[in-house]
Amino acid sequence: MNRRAFLGLTGAALAGGAFAGWTLLANGPQALLLSARDDAAGRHYAVGYRLDGSRLFATRVDERCHDVVAHPYLPMALFVGRRPSTQSYLIDTRDGRLLQTLESPAQRHFYGHAVFHKGGEWLYATENDTSDPGRGVLGVYRLDGERLQRTAELSSHGIGPHQLLWLPDGETLVVANGGIRTEADSRVEMNLEAMDSSLVLLRRDGRLLSQERLPQRQNSVRHLALADDGTLVSGQQYMGDPHDDAPLLAIKRPGQAFQPFPLGEAQRLAMNQYCASLAIHSELRLLALTAPRGNRFFVWDLDTAEVRLDVPLPDCAGVGAVAEGFVVSTGVGRCRHYDCRGARIQSQPLQLPAGLWDNHLRLA
Amino acid sequence: MIRSPFTLALLGLALGACTPADPQQRVSAALADGVLLPAYSSWAEADRQLAASGQAFCGGTQELGEARQVFLAAQSAWAGLQPLLLGPLAEGNRAWQVQFWPDKKNLVARQVEGLLRNKPQLTPADLDKSSVVVQGLTAYEYLLFDPAIDLDDAAQKARYCPLLVAIGQHQQALAADVLGQWQAEDGMAAQLKVFPNQRYAEAPEAVAELLRTQVSALDGLKKKLGTPLGRQSKGQPQPYQAEAWRSNASLASLAAGLASAERIWHGAELDGMQALLGSQHDDLKQRLDGAYSDTRQRLAALQRPLGELLADEAGRQELNALYDSLGSLHRLHEGELAKTLGIQLGFNAHDGD
């Protein structure tokens, strides 16, 4: 096909009103994208889509969810309630069947994040002890058949914990204690003048291994991403003056201290003091970040900190690594695929529904 | 991480192959050519004149009164860009370089004086490396209008002129750079006309961003009026927190912003957002037209500068009525218009999740 014919065909396809794209040759199973999503009427769903746009499920749920945690080997995932929700939803990822509505106990609510232990039997979720608002706990849940049962609770060793991850050993938890107190049924900050945010490493039995802080008290450590070699990156939101110079990304390389990631001034300013989701591509050694207040999506070289991509993307939300690079969702527009293998990163819109995607996506 | 290769379904990889019959594309393109590009061009021209005026005034060939008029034109051109603030000027901190507002702590005065103490022989290169607080129109206005500065005094004029000239040049260069990014072959204007492109996957994304920008500017106009009115401070008026209070250009700036917002709605030739509403939405169209007209007339009816209106009860009543009118206008866009057009203005709260 020559170029003119190709253009003509594409034009005709668009004129037909369909998003009639073309499909690259299939040579393997497609990634399953899991995310919380709303519809235009404000109803909440737990959804699973293939990246070609085909929908596996969209299961209506009562409360809005945030992150999704897939079981390490079973076809199920927990869609974790967005703070201050008291519900999370265990979903069969083959057909979207709701296996369990997981209720937090009295005086606890979810913070939107959880992790399954690699053995598949245990799940840990960050929670707020609303009897002592902001006191961070990790709810410990045991998977029994198709149900999660809360069996214990650990301290997060901080206030307002948000995301948590495993270090590569699969036994050490890393927790971002955001440092912000909020009460039950509320998202209003109570302690902006007395915030205490920290990055905590702890064993599965709750034993504290380390606790590190960034210099500015009002810099809230919230989101995390980890490379296969144990390099850990955190994304912050800064609650102080919009003009202050705060490290919005920080890094902890294996065996080293938690410290600011060398961020260019132009990128830092473009973020409007706010990081949302992070993802690391371990093979390509790339770090990706959505910065929805600045409406920008970034990719850096994880080792040299060189900026690889700095592009506008309104209300960008979840980001996850795929073989070629990253997939990014947004609250207001089309999801994008970024092919990061070449010298120049190429982006393409995906044929997924546009907008209303919540802050995190997971590829299973 | 997914390791296996996967099938990737892409939207039409059209290289400039969109149909002009698509109403969303038509509106986006019409607004780019008929409203946004002309406004950015006018702003760049106003800043070119600002730089020339700074030099002429400091060179002794222009009177202070004339220099002030040139500033007011630049301030108005900038204020008119608020509802059009998408693309290059909305990114990378550039807008802060144009204006520093709100200035709750009078940082403009403090930083201007501090800068000139440290750099009495200030050069444009020095200014480029300085804080955004002193690079923009707010600092320029401070130099020309602040009651503590007397530019008729030769010594003071000599002291402040290097900064005046440098700000003019900084603004001219910034505006020329931004306009260049709008006019470039694959620049911002092209990205509002041909889809998909590096910025927008499809025309509805562009239309959505145009509406979001307009709605956020209407909210911004409310803040620019509400802050001095004391709407955020228990009703206590805060005249020095108004935009452009030193030059009494607060209300003129509001009017320029409102006029641009209305141009996004109407378009240059009735081909703006309103063209996306079919005849079944005539009622909404009429209410939007009416809301613009009401706000515009209330603003035009104000006979005194903002500072004076804030000082007495009758004035505050007029301003509160204007504020409420702006509120209705904003709500109509944010609610009914966005819903009718099927546009998601925002979704994620950006407050800690």
Query raised in the report: What is the Cα convex hull volume of the range B:203-340 when expressed per residue in Å³?
Result: 111 Å³
Query raised in the report: When chain B is treated as a GNM, springs tying every alpha-carbon pair under 10 Å, which of B:33, B:186, B:47 comes out with the largest mean-square fluctuation?
Result: B:186
Query raised in the report: Suppose R0 equals 25 Å; then what is the FRET efficiency for residue B:312 and residue B:146 from their Cβ-Cβ distance, rounded to the nearest 0.05?
Result: 0.55
Query raised in the report: Once the dipole of the range B:23-186 is set up with Lys and Arg at +1 and Asp and Glu at -1 on Cβ about the Cα centre, which of B:92, B:29, B:50 lies farthest towards its positive end?
Result: B:92
Report summary line: Exposure proxy check on B:322, B:31, A:263, A:208: fewest-to-most Cβ neighbours within 10 Å is A:208, A:263, B:322, B:31
Query raised in the report: Per the Kirkwood definition applied to all pairs of different Cα atoms, how many angstroms is the hydrodynamic radius of the range A:35-111?
Result: 12.6 Å
Report task. Would you calculate the volume per residue, in Å³, of the smallest convex hull containing every Cα atom of chain B? Result -> 180 Å³
Query - chain A: relative contact order as a whole-number percent, Cα under 8 Å and 6+ apart - result: 11 percent
Report task. Measure nothing fancy, just the Cα-based angle from helix B:37-58's long axis to the longest principal axis of chain B, in degrees from 0 to 90, nearest 10. Result -> 10 degrees
Query raised in the report: Nearest 20 debye, what's the magnitude of the dipole of the protein assembly as shown about its Cα centre given +1 on Lys and Arg Cβ and -1 on Asp and Glu Cβ?
Result: 860 debye
Report summary line: With Cα coordinates, the longest principal axis of chain B makes an angle with the long axis of helix B:282-301, in degrees rounded to 10, of 0 degrees
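Work out the mean other chain Cβ neighbour count within 10 Å for the residues of B:338-351 and drop it here as an integer.
6
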Query raised in the report: Given a Förster radius of 41 Å and the C-beta distance between residue A:118 and residue B:129 as r, what FRET efficiency does 1/(1 + (r/R0)^6) yield to the nearest 0.05?
Result: 0.20
Requested in this report: Answer with one residue from B:206, B:242, B:323: the one whose Cα lies farthest towards the positive end of the charge dipole of the range B:203-340, charges on Cβ with Lys, Arg +1 and Asp, Glu -1.
Outcome: B:242
Report task. Order these peptides, A:150-158, B:74-82, by their mean beta-carbon neighbour count within 10 angstrom, highest first. Result -> B:74-82, A:150-158
**Report entry** Computed label-point distance, nm, for sites residue B:106 and residue A:151 using a 7 Å Cα→Cβ extension
**Finding:** 6.6 nm
Query raised in the report: For A:309-318, what's the mean count of beta carbons from other chains sitting within 10 Å of each residue's beta carbon?
Result: 4
Query - Between the range A:136-153 and the range B:323-337, the alpha-carbon center distance in angstrom - result: 47 Å
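Averaged over A:233-240, how many beta carbons belonging to a partner chain fall within 10 Å of each residue's beta carbon?
Across the residues of A:233-240, the mean count of other-chain Cβ atoms within 10 Å is 1.
Can you sort B:289, A:196, A:185 by how many other beta carbons sit within 10 Å, fewest first?
Going from sparsest to densest Cβ surroundings: A:185, B:289, A:196.
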Report summary line: Taking Cα atoms only, helix A:3-15 is inclined relative to the longest principal axis of chain A by an angle, in degrees rounded to 10, of 60 degrees
Query raised in the report: Percentage of Cα-Cα pair distances in the protein assembly as shown greater than 32 Å, rounded to whole percent?
Result: 56 percent
**Report entry** Most mobile of B:151, B:137, B:85 in a GNM of chain B (Cα contacts under 10 Å)
**Finding:** B:151
Report task. Please list the non-local residues whose amide H lies under 5 Å from the amide H of residue A:253, H modeled 1.01 Å from N, same-chain partners needing a gap of 5 or more. Result -> A:232
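Throughout, read-outs are computed from the coordinates displayed, never taken from laboratory work. Keep in mind that what you see is a predicted model, and the values were worked out from it rather than measured. Using ideal geometry, Cβ is built from the backbone for each residue, glycine included, and neighbour counts are taken over all protein chains shown.
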